[in-house]
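Asks: One structure coming up, written as structure tokens, with questions to follow.
Where a number appears in this text, it was derived from the coordinates with a stated rule and is not lab data. Quick caveat, the model's predicted, so the values are computed rather than measured. Note that we place each Cβ from the backbone using ideal geometry, even for glycine, and neighbour counts take in every protein chain shown.
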Amino acid sequence: MAKDKDKIIDKVTGDDYKYGFYTDIETETIPPGLNEDIIRLISKKKNEPEFLLEFRLKAYRHFLKLQEPKWAHLKYPPVNLQDIIYYAAPKKQKEFDSLDEVDPELLDTFNKLGISLEEQKQLSGVAVDAIVDSVSVKTTFQDTLSKHGIIFCSFSEAVQNHPDLIKKYMAKVVPYTDNYYAALNSAVFTDGSFCYIPKGVRCPIELSTYFRINAAKTGQFERTLIIADEGSYVSYLEGCTAPQRDENQLHAAIVEIIVMNDAEVKYSTVQNWYPGNKKGKGGIYNFVTKRALCKGKNSKVSWTQVETGSAVTWKYPACVLKGDNSVGEFYSVAVTNNYQQADTGTKMIHIGKNTKSTIISKGISAGKSNNSYRGLVKVAKKAENSRNYSQCDSLLLGDKCGAHTFPHINTNNKSSIVEHEATTSKISEEQLFYCNQRGISTESAIGLIVNGYAKEVLNKLPMEFAVEAQKLLQITLEGSVG
Amino acid sequence: MLLNIRNLHVSIEGKEIIKGLDLSVNNGEVHAIMGPNGTGKSTLAAVVAGKEGYEITEGEILYKGKDITDLSPEERACEGIFLGFQYPVEIPGVSITNFMRTAINEQREYKGLKSLTASEFLAKMEDKKKLVEIQSKLTNRSVNSGFSGGEKKKNEIFQMALLEPTMAILDETDSGLDIDALRIVANGINKLRTEENATIVITHYQRLLDYIIPDFVHVLFEGKIVKSGGKNLALELEEKGYEWIKEEVERMS
């Protein structure tokens, strides 16, 4: 009985990654390796101001003193940083006036991913800053945004056009001294997104960037900076897929968000990078530092993430609740299948008075994967009347996978209340038979049950993204979840 | 003949539960299967529906003239076999609407029919809700999650109404129902009755048969049907109790 069920689960969860393809675009690269000369070369190629080169070099010199962290519940072979190419840009690098001028192969890639820029432009009202191999190729909706005074562009453009803002805000939330990967990113980052919402502006459209790793052996070191000025609001979407690849690819991004008085930022991610094949070969290593600073009073940040990809995920989107009455939220669904490993969670740092945070984490493990929630709720001395509610659920498919929870709570204020709930469950044979008896195949049944389990989080995503996320869960468990 | 079970023997983990059972059901008929606890009533229902873990050691189950023992549970469902569960399972986060739309469309796909659109499905659902006096809010709730006993059973009949099966097997659908819920559930079953479909009602008590008038009543005892008759057999059983059957069986052997 149990064996038959395992067979079904194996079948359902054992399918190959469906987004594996490789685009043949001419790419300009520099030699592999990591040293000061390479960093100077990157900075020069990007025509950066002096302060940025100095920042990179300081970060690099600090990085040399650091050791790779080993505390996460992850096992992977060491990455040789000298084998990595730190800069790759599509060769045809001029500005495009219309999509006709964009490399048709690139457009085709987007089409395969179901994110054709044309469609995006016409139908969904989403401005897309599409990133292929580190350099922004096409930015849409600039006109609409600029009417509201919103700046939404690639990080490189921001460096050229708004160096003052970069200088003022960059690395203020995640300093290069923060951790090993943050230091590495600060030294060698190539591009990313920049967003500034001026005072009192409610961004009329969802801002979206699609990341994609494409050139062989190119580590991606993206850097995103979002600043929401007083009383502003923005919903920001980040989604990614990567082509199938045999070699492990390192990804170490930084996302920084700064939220002023009465402002709100909603940051949603759907992550579907190549997770490696069924035997655990290949796949992306994803070491990301994401942090939001609720600097002003009554400010608010929500992180919503659906993590289905990568061979290794190391990611803890955090909120520093500095302003009084500020609010931090973290909603996460992390799916692991085959030999995938995820160590993900959040940090909520309560500093201001009456600060509130909510953590809803849903882990789903299948195959021989390992899925860990790791969280920290810290309440500082002066954080009077602060509150946290955490709920961490794990769902197991089959009996060869693992689910782990590592919650850390550290409170220094007696008036604060911290609550933590955790559950672990399995999809039962009775549930599957009940679905089967109504004519629903086991694969669809697992999909239904998993989407039902993750609903609380999926509901937090913007509409179009929620549909995409549901499909992804489906693919990951067909693929991973039906 | 719609369902023809011949000399069925079923074991669970090596233990024989059904020991040579024969049963024939024609289109348009309602059969009641009664009997004391642990005689194999629920096992029979599960085996016809194709639940895993039951080993058929002898005999066959013919449905519409074909042996169905090699079909998966979902194939049997798509062929028109419906099981009303004694203990409907909870599926958190999955609304009844979503669940039933998936079920109907998977069944339609099996039959080579086009999926129902959202509005077609909702119209159908509104129509069937009235049949079992189901409240609108219920269909937005997760399948069976936090439902009362009565709500769970109503939901089973509601699903039956939506799926329009040819062969429905209702396993103790009356258990745990108060008299009002029993009336609603029974009325629903009666309204779904046609010349084409058939129903097997598995029950412990005669009282359900005050509302649903069976064409045949069978008594299942120690894995076999030991006595069959008309609706009066149920009354006789109610009066004399299952001890009477035991004695009859012993006298005959």
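Asks: Which residues in region A:321-355 have a backbone N closer than 17 Å to a point placed 7 Å from the Cα of A:Lys279 along the Cα-to-Cβ line?
Replies: Residues A:338-340 fall inside that zone.
Asks: Based on the Cβ-Cβ distance of A:Lys414 and A:Leu165, what FRET efficiency does E = 1/(1 + (r/R0)^6) give at R0 = 51 Å, to the nearest 0.05?
Replies: So the FRET efficiency works out to roughly 0.80.
Asks: Given the C-alpha centroids of region A:373-429 and region B:32-109, what is the distance between them in whole angstrom?
Replies: 40 Å
Asks: Give me the distance in nm between label points sitting 7 Å out from Cα along the Cα-to-Cβ direction at A:Leu64 and A:Glu456, one decimal.
Replies: If labels sit at A:Leu64 and A:Glu456, their model points lie 4.9 nm apart.
Asks: What whole-number value in cubic angstrom gives the convex hull volume per residue for the C-alpha atoms of the protein assembly as shown?
Replies: Taking the convex hull of the Cα positions in the protein assembly as shown, it is 177 Å³ per residue.
Asks: Got a sec to turn the phi values of region A:395-408 into Karplus ³J(HN,Hα) couplings, 6.51 cos²θ - 1.76 cosθ + 1.60 with θ = phi - 60°, whole Hz, x for Gly and Pro?
Replies: 10, 10, 10, x, 10, 10, 9, x, 10, 9, 10, 10, x, 10
Asks: A further question follows. Could you pull out every residue, at least 5 positions away or on a different chain, whose amide H is within less than 5 Å of the one on A:Ala422? Hs are placed 1.01 Å off N in the peptide plane, and Pro or chain starts have none.
Replies: A:Cys392
Asks: Quick check on the protein assembly as shown: of the DSSP beta bridges with both residues there, what percent are antiparallel, nearest 5%?
Replies: If we restrict to bridges inside the protein assembly as shown, about 20 percent are antiparallel.
Asks: With r defined as the distance between the Cβ atoms of B:Ser24 and A:Tyr76 and R0 fixed at 60 Å, what FRET efficiency is calculated, to the nearest 0.05?
Replies: 0.45
Asks: Compute the separation of the alpha-carbon centres of region B:202-236 and region A:269-308 and state it in Å as a whole number.
Replies: That distance is 61 Å.
Asks: With the cut-off at 1.5 for a/c, could you classify region A:416-481 from its C-alpha gyration tensor as rounded, prolate or oblate? Write down the numbers at each step before the final one.
Replies: Details: a/c = 2.60, a/b = 1.32, b/c = 1.96.
Oblate shape, in that a/c is at least 1.5 and b/c is the bigger or equal ratio.
Asks: What does the C-alpha gyration tensor say about the overall shape of region B:67-213? Classify as rounded when a/c is under 1.5, otherwise prolate if a/b is larger than b/c, or oblate.
Replies: Verdict is oblate for region B:67-213.
Asks: Could you check the spin-label model distance between B:Asp70 and A:Gln391? Points 7 Å from the Cα along Cα→Cβ, value in nm.
Replies: Taking the simple label geometry, B:Asp70 and A:Gln391 are separated by 4.7 nm.
Asks: Quick one: which of A:344-355, A:32-43, B:209-220 comes out on top by average Cβ neighbours within 10 Å, and what's the full order, highest first?
Replies: A:344-355, B:209-220, A:32-43
Asks: Taking beta carbons within 10 Å but only from partner chains, what does the mean come to for residues B:66-77?
Replies: Taking the mean over all residues of the peptide, I get 3.
Asks: Here's a follow-up. Pull out the extension gain between B:Asn232 and B:Lys246, defined as 0.36 nm times the separation in residues minus the alpha carbon to alpha carbon distance; nm, one decimal.
Replies: Answer, rounded to one decimal: 3.2 nm.
Asks: Convert each backbone phi in region B:228-237 into a coupling constant with the Karplus relation 6.51 cos²θ - 1.76 cosθ + 1.60 (shift: θ = phi - 60°), then list the ³J(HN,Hα) values in order as whole Hz, x for Gly and Pro.
Replies: Using θ = phi - 60°, the values come out as 10, x, x, 5, 5, 4, 4, 5, 5, 4 Hz.
Asks: Over chain B, with a single point scatterer placed on each C-alpha, what log10 of the ratio I(q)/I(0) does the Debye formula yield at q = 0.10, 0.13, 0.16 1/Å?
Replies: -0.49, -0.83, -1.25
Asks: So in chain B, what percent of DSSP beta bridges are antiparallel if you round to the nearest 5?
Replies: Antiparallel bridges make up about 60 percent of those DSSP assigns within chain B.
Asks: Summing +1 for each Lys or Arg and -1 for each Asp or Glu, what net charge is found among the other residues whose Cβ lies under 12 Å from the Cβ of A:Thr344?
Replies: For residues surrounding A:Thr344, the net value is +3.
Asks: Let me ask something else. I need the shape label for region B:144-253. Rule: rounded when a/c is under 1.5, else prolate if a/b > b/c, else oblate, with a, b, c from the alpha carbon gyration tensor. Show your work: numbers first, answer last.
Replies: Details: a/c = 2.20, a/b = 1.73, b/c = 1.28.
Note, shape of region B:144-253 comes out prolate.
Asks: In addition: Going highest first, how would you order A:320-327, B:54-61 by mean Cβ packing within 10 Å? Write out the running numbers ahead of the final one.
Replies: Details: A:320-327: 24.4, B:54-61: 15.6.
So the peptides A:320-327, B:54-61, ranked by packing, come out A:320-327, B:54-61.
Asks: Additional query: What does the average come to when, for each residue of peptide B:85-97, you count the partner chain Cβ atoms lying within 10 Å of its Cβ?
Replies: That works out to 5 on average.
Asks: Averaged across the residues of B:107-119, what count of C-beta atoms belonging to other chains lies within 10 Å of each residue's C-beta?
Replies: Details: counts 3, 1, 2, 2, 1, 0, 0, 0, 0, 0, 0, 0, 0.
Mean partner shielding for this stretch: 1.
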